[in-house]
Amino acid sequence: MEASKKEPLIITDKEQMRKWSRTMRSQGKSIGLVPTMGYLHQGHISLVKEALKLTNLTVVSIYVNPGQFAPSEDLSTYPSDFHGDISKLMSVPGGVDVVFHPHNLYDYENDTKRNKNDKGACKNLEGKGEVVSCLEESGMGHETWVRVEKLENGLCGKSRPVFFRGVATVVTKLFNIVEPDVAVFGKKDYQQWRIVQRMALSISRSLLGAKSSADNGHINCRELRDSVIQAVSEAGGRIDYAEIVDQESLQAVEEISSPVVFCIAAWFGRVRLIDNIEINL
Ligand code: PAF
């Protein structure tokens, strides 16, 4: 007898998506995210299988991101097969829990005037020789981007100057909506994989590093702060603040002798990310 296939919950609204994640997390569940632009193939399915091993619940996002297409690239003919995608996901043993399929993740000046089935078509629009994506070219009013300024320059970035900016921006949006514990990306586009990894991990990794140094007896806060500031700056972040403070009073401390929390805020492009880690010696 064929194993019963799990039908994923399809969520199109970002508030509903965030609410689902928060509800699941409050029940102690961990969440994995596999971001895709749909038209799934075996490569995507292997990422889904990987995510299924890592967390209790799995979300697959399907969103063709206009922010990573230049006006000369034909977004309107990007292939899609939503029903086929769902049945492929249902064939994965264990199945996925949610398919997040938003209509639009960008702020448009005139969103109500847009045709809801329009993926942001821009096939007849010419580039102006500047870094311009479909969104700007279509006059949609979007102008906030996340950039990983050094890594985005070489390789594919030379011929596709808007691509990685669009990827970093949409991935940041997806992380902020789904709030996953783990996200799984393929390495076929190695530059994309490296950019996303650098952006997302630089802060949390450097905080984990500081915690483990403190656990090993390095309790001088200036040294711990300096190492985190250096790591985040090397990853392209601009520090807003990096403070080690007492967990109760939130007053800065020079040496760790009571429970503290290391709090950090940093700008990546125009996006300000915050994170913290508690250190209880
Ligand atoms: O690799 C892709 O399919 C896309 O670039 C991604 C990561 C889903 C962002 O739109």
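No value in this document is a laboratory result; all are computed from the given coordinates. Bear in mind the structure is a predicted one, so any value in this text is a computation, not a measurement. Backbone-built Cβ (ideal geometry, glycine too); neighbour counts: all protein chains shown.
With both residues required to sit in the chain, DSSP beta bridges show an antiparallel share near 60%.
Taking Cα atoms only, the orientation of helix 42-54 departs from the longest principal axis of the chain by about 30 degrees. Once phi is turned into θ = phi - 60°, what whole-Hz ³J(HN,Hα) does the Karplus curve with 6.51, -1.76 and 1.60 give for every residue of the range 205-220, x standing for Gly and Pro? For the range 205-220, the Karplus curve yields 5, 5, 5, 4, x, 5, 5, 6, 4, 4, 4, 8, x, 8, 10, 7 Hz.
Quick check: from the Cα gyration tensor, does the range 134-196 come out rounded (a/c under 1.5), prolate or oblate? Oblate is the answer for the range 134-196, as a/c is 1.5 or above yet b/c matches or exceeds a/b. Here the chain is assigned +1 on the Cβ of each Lys and Arg and -1 on the Cβ of each Asp and Glu. Its dipole about the Cα centre then comes out at about 740 debye. Modelled this way, with points 7 Å down the Cα-to-C-beta line, the labels at Met37 and Trp267 are 2.9 nm from one another. Summarising the label geometry, the points placed 7 Å from Cα in the beta-carbon direction at Arg238 and Glu143 lie 1.6 nm from one another. The GluC sites (Glu not before Pro) found in the range 1-104 that occupy coil by DSSP, while having at most 13 further C-beta atoms within 10 Å, are Glu2.
With r defined as the distance between the Cβ atoms of Asn56 and Asp13 and R0 fixed at 25 Å, what FRET efficiency is calculated, to the nearest 0.05? Calculated value: 0.65. In plain terms, the chain from Cys156 to Ser249 could stretch by 28.6 nm, reckoned as 0.36 nm per residue minus the Cα-Cα distance.
With respect to the cross-link table entries Lys6/Lys29; Lys29/Lys173; Lys19/Lys211; Lys5/Lys49; Lys6/Lys53, which display a Cα-Cα separation exceeding 24 Å?
Lys19/Lys211, as the Cα separations exceed 24 Å there.
From the largest down, the chain spans 61, 59, 35 angstrom on the principal axes of its Cα atoms. The distance between label points at Ser26 and Ser76 comes to 4.5 nm (points 7 Å beyond Cα on the Cα→Cβ vector). Fully extended, how many nm does the chain gain between Leu208 and Ile45 (0.36 nm per residue separation, minus their Cα-Cα distance)? Length difference between fully extended and current span is 55.6 nm. With contacts taken as Cα pairs under 8 Å at a separation of at least 6 residues, the chain carries a relative contact order of 18 percent.
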